[in-house]
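Q: Quick one: the structure is below, questions incoming.
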Amino acid sequence: MHTPFRSTVSALLLAAMADLAPIAALGQNSVREQAPRYEFGAELRARAQTRNGGGDDPVKEDAFTTTRLRFDATMRPTRQVRIFVEAQDSRVQGFASGRDERALADPIDIRQGYVALGQEDGPLTLFVGRRELSFIDERIIGVRNWSNVSPAWDGSELVLRRGKDSVNLLAVTQVDISDGFDPPSRTRWVYGAVGVIGSGLDGHQIEPFYFTSRRPVDLASNLGGVLRTAGSRFSGLLSQTWDYQVILAGQGGRTQDQRQGAWMGVWALGKTLEQHHLRPRLGVEWSYASGDSDPEDGRIGTFDTLFPGPHRIYGQQDIVSLRNLRALKTGVELHPRRAWQVNVDFLDFRLASRHDGLYQTNFVARAHAPPGGASSAHIGSELDVVLRYDPTPKVEVSFGVSRFMAGQFVIRQVPGGGPQTFLYTTLLVTL
């Protein structure tokens, strides 16, 4: 039996094969050959941040500054070949001695370096090398740009396009951060496919996806093993001012000697008031990721979020990830002036299962439920306010303040856990 996704993939493959001849001829029959082109860019980001209060980690020392400098170069020998290289220098100042700095510091390294074959918007493009990846609104695989050392992937990706439809086929390995040149990981890899179906849907889009992934096993965090994750994202406009997205995914596989069976869902709705002088966008989002209801039954029910970039989605403080979670998010985005933007979000977090734990964005189980289950599923609530100012297209200044109000689960299960305030300011300059 052929699924719609398989039919779409087959159609795209046939279309790409039909177009291979002009591609092999380097576009001589379709477009005029361009002369070699070189481009150079740079980005500097500096951030100062401080945190006080118990939160979900009362022993955390969190008052320091970070800097990240990136240089990139692009060469296009022909319209069909593009070579991209990006160097990165990440450093941290004022960090407590003896703590692991690998998430914050990686001096002078090659972050990306790949060759792209085929036109950027043509029917077929093949990427080979090291590059950043982002799929499904960064909820499955994300760039994690908030981090001072955002991850990259080694491997290959084939992109097939036909009109508003496309499919990405990838086989990649995550890069390990090390003191020297960052090597590809031997224990974290992903094979998969992500489709985009837009033809004939009148402003709507369907993005089916399938991933087979492997990660080191950590039974304390219900993490790792070989997993299969399949689902789809549905998004679009309900009218000129209403937008929506729905993401659904199921997961199976094996974590060491235990079977995995889990699922997640996201439902979001937004309304933009274009006629108002502040052009506010109002949004509400409900997220659910299953937890493990019985730690002793040999079956793991905790959804594994794979390799996302959750910072902007589940709060500025990065206290939770989409694992054993029920999250309600409401917010408003305002534009008081052309160069100003204000975001105000309120989030409420609860455990999906009182027999499972609280998982941070680094996938660590910050707290486990006691035997028999927790008496309260409430993790806490968070209020985030972010102000962004863009005086020029190449300069961005932002300031954020976040207050976490601890729920009963954090108060009872995290020693010293309690309210927490997080402040940061960031300067970003691009050239």
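Taken together, the values in this text are just the output of simple stated rules run on the coordinates, not laboratory data. Bear in mind that the values here come from a model prediction, so they are computed numbers and not experimental data. Cβ sites come from the backbone with ideal geometry, for glycine too, and all protein chains shown count toward neighbours.
Q: How about K164: which aspartates and glutamates have a C-alpha closer than 15 Å to its C-alpha, ignoring those fewer than 8 places off in the same chain?
A: K164 reaches E120, D121, D202, E207.
Q: For segment 125-186, which trypsin sites (Lys or Arg not before Pro) are in a loop by DSSP, counting at most 15 other Cβ atoms within 10 Å? Present the calculation step by step, with values, prior to reporting the outcome.
A: Details: sites: R130, R131, R139, R144, R161, R162, K164, R186; in loops: R139, R144, K164.
Those that pass, being in a loop and sparsely packed, are K164.
Q: A follow-up question, please. Step through the residues of segment 37-45 one at a time and calculate ³J(HN,Hα) from phi using the Karplus curve (6.51 cos²θ - 1.76 cosθ + 1.60, θ = phi - 60°), rounding each to whole Hz and writing x for Gly and Pro.
A: Calculated HN-Hα couplings, in order: 10, 10, 9, 9, x, 8, 9, 10, 10 Hz.
Q: Straight-line reach from K271: which aspartates and glutamates fall under 18 Å, measuring Cα to Cα and dropping same-chain residues less than 8 apart?
A: Within the straight-line limit of under 18 Å, K271 reaches these aspartates and glutamates: D243, E285, E333, D345.
Q: I need T66, T392, T425 ordered by Cβ neighbour count within 10 Å, fewest first.
A: Ordered by Cβ neighbours within 10 Å, fewest first: T392, T425, T66.
Q: Per residue of the chain, what 222 nm ellipticity follows from adding -39500 (n - 2.57) for every DSSP H run with n ≥ 4, rounded to the nearest 500? List each step's numbers first, then the result.
A: Values: 3 runs with 26 residues, N = 431.
Computed mean residue ellipticity for the chain: -1500 deg cm²/dmol.
Q: Once amide H atoms are placed 1.01 Å from N in the peptide plane, what residues at a sequence separation of 5 or more from S353, or on another chain, have their amide H within under 5 Å of its amide H?
A: Excluding prolines and chain starts, which carry no amide H, the hits are G291.
Q: Please work out the Cα center distance from segment 383-431 to segment 275-294, rounded to the nearest Å.
A: So the separation of the two Cα centres works out to 18 Å.
Q: Taking a cut-off of 39 Å, what percent of all Cα-Cα pairs in the chain are separated by more than that?
A: Values: 20337 of 92665 pairs.
Distances greater than 39 Å cover 22 percent of the Cα pairs.
Q: Shifting gears a bit: Starting from the eigenvalues of the Cα gyration tensor, five times each then square-rooted, give me the equivalent ellipsoid semi-axes of segment 246-372, largest first, whole Å.
A: Whole-Å semi-axes of the equivalent ellipsoid: 35, 14, 12.
Q: While we're looking at this one, here's another question. Would you mind checking which residues have amide H under 5 Å from T255's amide H? H placed 1.01 Å from N; only 5 or more apart, or other chain.
A: Distant-sequence amide H within range of T255: Q260.
Q: Oh, and also: Over 15 Å, how big is the tail of the calculated P(r) for segment 376-427, in percent of all Cα pairs?
A: Details: 747 of 1326 pairs.
Above the 15 Å cut-off, segment 376-427 has 56 percent of its Cα pairs.
Q: Helix 4-18 versus the longest principal axis of the chain: what is the Cα-based angle in degrees, 0 to 90, to the nearest 10?
A: On a 0 to 90 degree scale, this one is about 30.
Q: Compute the relative contact order of the chain as a whole-number percentage, counting only Cα pairs closer than 8 Å that sit 6 or more residues apart in sequence. Display every interim value, and only then the final one.
A: On the way: 1157 pairs, mean separation 53.7, N = 431.
Worked out over the chain, it gives 12 percent.
Q: More than 20 Å apart: what percent of Cα pairs in segment 310-423 qualify?
A: So the portion of pairs separated by more than 20 Å is 45 percent.
Q: Here is a follow-up. Mind checking which aspartates and glutamates have their Cα closer than 14 Å to the Cα of K394? Skip sequence neighbours fewer than 8 apart in that chain.
A: Leaving aside aspartates and glutamates fewer than 8 places away in the same chain, those within reach of K394 are E43.
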